[in-house]
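Notes to accompany the following structure.
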Amino acid sequence: ITLINSNHVTIENTQIHNTGLWAVAMFKDNTYHTIQNCDFGYNGYGSITIDGGYPGVGKYCNHITVQNVRMHDIGQNIGHAAGLTVMSCGQSDFRNLEIYNTPRRAIMVSGGPKRDGTDSQLDQITDMYTIGNHFEYIYVYNGEQDSGEDSAVYVCMLFRSGWIQDKYPKSEYPEAYKVDETGREYFDICWDGVDRHNYFNQMLIDNIGSN
């Protein structure tokens, strides 16, 4: 199932096995989709991929709900697959998931890299869309079966303090700079009232091929 620039689609009580790439793929701007009570397995690439596009496209890829879904035996054709991939997608909920038997990752959460020159005007505060996501009650096991070189739950290319501070210097945005309990100064990415954190809660990870 491929969803492109769509909204308010519900996929439920569905079994999708033996696909060449994904079970469900969402590209560009997708909002208010729900995937629930499903079994996805033996997929050539991964079970669910959400790619809002980067930079600037995924601003409207948000409010996706994935719950009560089992993803397993993925990466049958691609050795670096992930069961669930979330890129440039925000304000979404992923809960009550079981992900197992993957050659590399179970979950990958990503923003996007800054390309030299091409993204010279990149502003991570306004252009980072992988924010406000909640991942909870997830059981991951038998991951990194082939590669074993990083982690089954992989989060990358989100906020970089150096890039942000170049755009928002303390001299112009003093209210964005805070001090923690140890006296260390840091840039508060939520200083303007927008929740830009991603949350992981109640996740069990077991029998992974890497450390």
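Quick notes
- Flag if Ile164 is buried (at least 16 other Cβ atoms within 10 Å of the Cβ), over 21 Å from Glu98 (Cβ atoms) and touching a residue at least 60 places away in the same chain (Cβ under 8 Å): no
- Close pairs (8 angstrom Cβ cut-off, 6 or more residues apart or separate chains): under 14 Å from Met71 (Cα atoms) in segment 12-32, among the charged types (D, E, K, R) anywhere: Thr14/Asp39; Gln15/Asp39; Ile16/Asp39; His17/Asp39; Ala25/Asp51
- Failed item in (1) farther than 22 Å from Trp22 by Cα; (2) open to solvent by less than 30 Å² (accessible area, probe 1.4 Å); (3) in a strand (DSSP E or B); (4) not aromatic (Phe, Trp, Tyr), with Met203 passing the rest: (2)
- The residue that is surrounded by the fewest Cβ atoms within 10 Å (Cβ to Cβ), among those in segment 117-150 that are on the phi < 0 side of the Ramachandran plot and among the charged types (D, E, K, R), is Glu149.
- Unique residue being more than 21 Å from His80 (Cα to Cα) and not in a loop (DSSP other than H, G, I, E, B) when the list is Gly183, Gly132, Gly162, Gly193: Gly162
- Number of positions in segment 103-159 that are hydroxyl-bearing (Ser, Thr, Tyr) and modelled with pLDDT of 90 or more: 7
- Cβ pairs under 8 Å, 6+ apart, first in segment 59-80 and free of Cβ contacts under 8 Å to residues at least 40 places away in the same chain and farther than 22 Å from Thr102 by Cα, second of a type in the set (Val, Ile, Thr) and open to solvent by 80 Å² or more (accessible area, probe 1.4 Å): none
The values are calculated or read from the model by the stated rules, or taken from the named source; none is laboratory data. Just so it is clear, the structure is predicted and the values come from calculations on it, not from any experiment. Because the Cβ atoms are built from the backbone with ideal geometry, glycine has one as well, and the counts that use them run over all protein chains shown. Note: areas computed on protein heavy atoms with side chains; ligands, DNA, RNA excluded. Shrake-Rupley method; radii C 1.70, N 1.55, O 1.52, S 1.80 Å.
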